[in-house]
Amino acid sequence: MINLRKPFNKYISVIMLAVTLILAGCSSNVEYVTADNSDDAISLGLDSQDFEHAAQEALNSLLASNTLNKPGGGRYIVAIGKVVNDTTLRIDTDMLVKKIRIGMLQSGKAVITTAIAGNSKNVDDLIYDVRELRDNDEFKQDTIAGKGTLYAPDFSLTGKILQRISRTGKNKQLVEYYVQLTLTEIKSGLAYWENESTVRKLGSNKSTAW
Amino acid sequence: MIQLVRILLINVGLLGLSGCSVFLGYSTDLDQYEQQLINNNCDYTEIDKQLDSDPLLWALNGGALARQCHDYKKSIEYLDQAEALFKEQELALTIKSVGQSIGSVVINNNINDYQGENYEKIMMNVYKGLNFMSLHDLDNARVEFNRVLDRQRRAVEFFEKEINNANTKHQQSQYMKKIRDPVSPDKKIKAYQGDITAKSLYPNFVNPFATYISGLFFYFDGNYSKAHDLFKQTARMLPNQQQVKADLLLSEQSSLRKQHYAWLIYENGQSMIKRSFSYQFPSYLFTNKIVTTDISLPTIYKRSPSYPYLRLNKQKTTEIANMDNIIQIEFNKKLPAILTEGMLNMLFKSAIQFLLEQNFEQYGGRWLGYVYQLSTNTADVRQWRAMPKNFQIARTLINGNKLTIYKPDGSVLTEIDSLLTDRDAIIYIKSDIVDHYIIDIIQKSAIHNS
């Protein structure tokens, strides 16, 4: 009779060893490409921290450019145009824009119009809903905004988020994001300020970046 | 001997848990699914039931069915599910493969969840992109087509060795020698207008249609430079594809032009499918302790086209990607692994017959082993069954007159008179068999035209 016990145990040992080895080599090793490489537990996608960095960088550049310093004082009116997401990630570009809007408002140099925007999500419909009440007897008519009260914007803020993915070495991929923003003077169509923030991430090439 | 009984008991337990698919394979279920597509039966009950047992395969199938039923949102839901599963598999692959290989050897590969193919991943994102376009959601469509392009890049990595080999052969070919010879009077060289690079070898390794349709999306999206790049890439893969060349030219002049066009995308016929191939080794000639030894392997078969081509007004559709070739090349790449697994499976089951006969001869041991082998000897023939045989394209001007799509015999397949004249359109026709077709019309909505 064949003694199966010994070889069977041997197989189990080999399999266990293989599994252990595989598990040991399995850490995903996703890291930022920065001088200190201090961040951990990040993904190859764009997260709120990345938006925070990119928005802050853009805002610093915008304020430093003095574009929003209105001669003679006062505040410019900025409309939010479209920020195109040209990546493989389903991201809400409003997350990025929101941080810049807040920064611009806090700077005291600009106000944001929500009467007109590149993306319908950034328009406050109530502005128009209230105006439709002009013939409604239920409302005190002199409290309804009259015609010709909305302000046209001086500038529009538009942008694009681009992504480049490339394999580096045998099993790593480099994912680069470029957050590009442009502030255009509406009257002249001239771009008064532009900025590009870059986010670079290196991770395993086993799967896709999204 | 106790160990042998244990192994058998574990196997029987596994077989019981994994249901009848390990005995029967998925061939019947997939054939039924195809009938459902042909009958335009939009009942998802069966798909949802199957989803529990083999989620990836049926999420893909569900996605294709819902798309065919014009339920684009549902199609995206299924395909999103498939994409998440692909990701899960990719990240877990090294750990899982040990257990999966054991299951494949001891029982058969049907015991494991479906793993999917590269071309399926690419097409999954293409269909999602088209679904979003149909829903006028260009922002999400853009994301999907960007995913398509990254998957194409990954496909090139997957076939790196094969592409390099093909390139080396191409460089050493007579044709290249003639090109390098400056005094060659060869007429072929005079006719040569494109550039012959490694890229022209790609068509079967990646899917030229996926690059082309991504280009078309970016054209619709107003990103003419990206569209131009992608049309150029497609043209380099297919130097003789005249429609792609024409689209490349169009994308160069696009920002100035006033005319609008309708593209016909035609998915023709049914792709190659896997069937089971069995072979019986005459092992009884060598030992009487084995009844016989069978091996079952998947093999692929070509199927018929639907209409060989269609005509959009006067424009005849021309092929841009041959899905059969793409499927075959990917199958061939996996064949050595499939063969090894099949051989190990056969050896293991023969050993079981042998051991059972040695220990339980009085109970008909080898016959018990043979029954086990027969009942589990089922090839894995799973694949996404909604692929066409090939993709074809044509384009015509939208001038306010109705567009007519003709069959090859000159009879009318369908007429379209609902197109707006101030924007471009895609007419997407899928015809798996003659006299059965599904049509989708994609035209940018007025709201999104801003």
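The values are calculated or read from the model by the stated rules, or taken from the named source; none is laboratory data. Treat the numbers as computed from the prediction; the structure is a model and nothing was measured. Don't worry about glycine lacking a Cβ; one is built from the backbone with ideal geometry, like all the others, and counts go over all protein chains shown. We work out accessible area using only protein heavy atoms, side chains counted, and drop any ligands, DNA or RNA first. Shrake-Rupley method; radii C 1.70, N 1.55, O 1.52, S 1.80 Å.
From B:319, B:330, which residue is within 26 Å of the chain's Cα centre (by Cα) and open to solvent by 60 Å² or more (accessible area, probe 1.4 Å)?
Details: B:330 fails: open to solvent by 60 Å² or more (accessible area, probe 1.4 Å).
Being within 26 Å of the chain's Cα centre (by Cα) and open to solvent by 60 Å² or more (accessible area, probe 1.4 Å) holds for just one of B:319, B:330, which is B:319.
A search for C-beta distances below 9 Å between a residue of the stretch B:272-289 that is modelled with pLDDT of 75 or more and any residue that is open to solvent by 100 Å² or more (accessible area, probe 1.4 Å) and not in a loop (DSSP other than H, G, I, E, B), counting only pairs 6+ apart in sequence or on different chains, returns B:272/B:301; B:273/B:301; B:274/B:301; B:275/B:301. Here residue B:364 meets each of (1) closer than 30 Å to residue B:405 by Cβ; (2) over 20 Å from the mean Cα position of the chain (by Cα) with one exception, condition (1).
Being touching a Leu at 6+ places or on another chain (Cβ under 6 Å), over 18 Å from residue A:189 (Cα atoms) and away from every other protein chain (no Cβ under 14 Å) narrows it down to one of A:145, A:110, so name that one. The conditions single out A:110. Test residue B:428 against the criterion of being open to solvent by less than 30 Å² (accessible area, probe 1.4 Å), of a type in the set (Phe, Trp, Tyr) and modelled with pLDDT of 95 or more, and give yes or no. Yes, satisfied. Output yes when any residue across the stretch B:252-259 is within 17 Å of residue B:422 (Cα to Cα) and among the hydrophobic types (A, V, I, L, M, F, W, C), and no when none is. For the stretch B:252-259, residues within 17 Å of residue B:422 (Cα to Cα) and among the hydrophobic types (A, V, I, L, M, F, W, C): present.
Scanning the stretch A:62-75 for residues that are open to solvent by 40 Å² or more (accessible area, probe 1.4 Å) and of a type in the set (A, V, I, L, M, F, W, C) turns up A:63, A:64.
Checking each residue in the stretch B:249-271 for being open to solvent by 10 Å² or more (accessible area, probe 1.4 Å), in contact (Cβ under 8 Å) with a residue 12 or more places away in the chain and more than 17 Å from residue B:222 (Cβ to Cβ) picks out only B:270.
When residues of the stretch A:177-193 are filtered for being within 30 Å of residue B:157 (Cα to Cα) and either away from chain B (no Cβ under 13 Å) or exposed (fewer than 12 other Cβ atoms within 10 Å of the Cβ) (or both), how many remain?
3
For the stretch B:358-372, how many residues are surrounded by fewer than 22 Cβ atoms within 10 Å (Cβ to Cβ) and either within 14 Å of residue B:29 (Cβ to Cβ) or not hydrophobic (A, V, I, L, M, F, W, C) (or both)? Final tally of qualifying residues: 8. Selection of the stretch B:407-425 for residues being part of a loop (DSSP other than H, G, I, E, B) and either open to solvent by 50 Å² or more (accessible area, probe 1.4 Å) or on the phi > 0 side of the Ramachandran plot (or both) yields B:409, B:410, B:417, B:418, B:420, B:421, B:422. Just one of the listed residues (B:230, B:312) is within 26 Å of residue B:386 (Cβ to Cβ) and in contact with a strand residue (DSSP E or B) (Cβ under 9 Å, 6 or more places away or on another chain), namely B:312.
Evaluation of residue B:345 against the conditions (1) within 12 Å of residue B:108 (Cβ to Cβ); (2) touching a Leu at 6+ places or on another chain (Cβ under 9 Å) shows that the sole unmet condition is (2).
Every residue, every condition in (1) open to solvent by 30 Å² or more (accessible area, probe 1.4 Å); (2) of a type in the set (Lys, Arg); (3) within 12 Å of another protein chain (Cβ to nearest Cβ), yes or no:
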| site | (1), (2), (3) |
| --- | --- |
| A:77 | no, no, no |
| A:83 | no, no, yes |
| A:104 | no, no, no |
| A:128 | yes, no, no |
| A:133 | yes, no, no |
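Do we have residue B:364 as farther than 17 Å from residue B:116 by Cβ and in contact (Cβ under 8 Å) with a residue 24 or more places away in the chain here? In short, no. Every test in (1) open to solvent by 60 Å² or more (accessible area, probe 1.4 Å); (2) in a loop (DSSP other than H, G, I, E, B) is passed by residue B:385 save one, and that test is (1).
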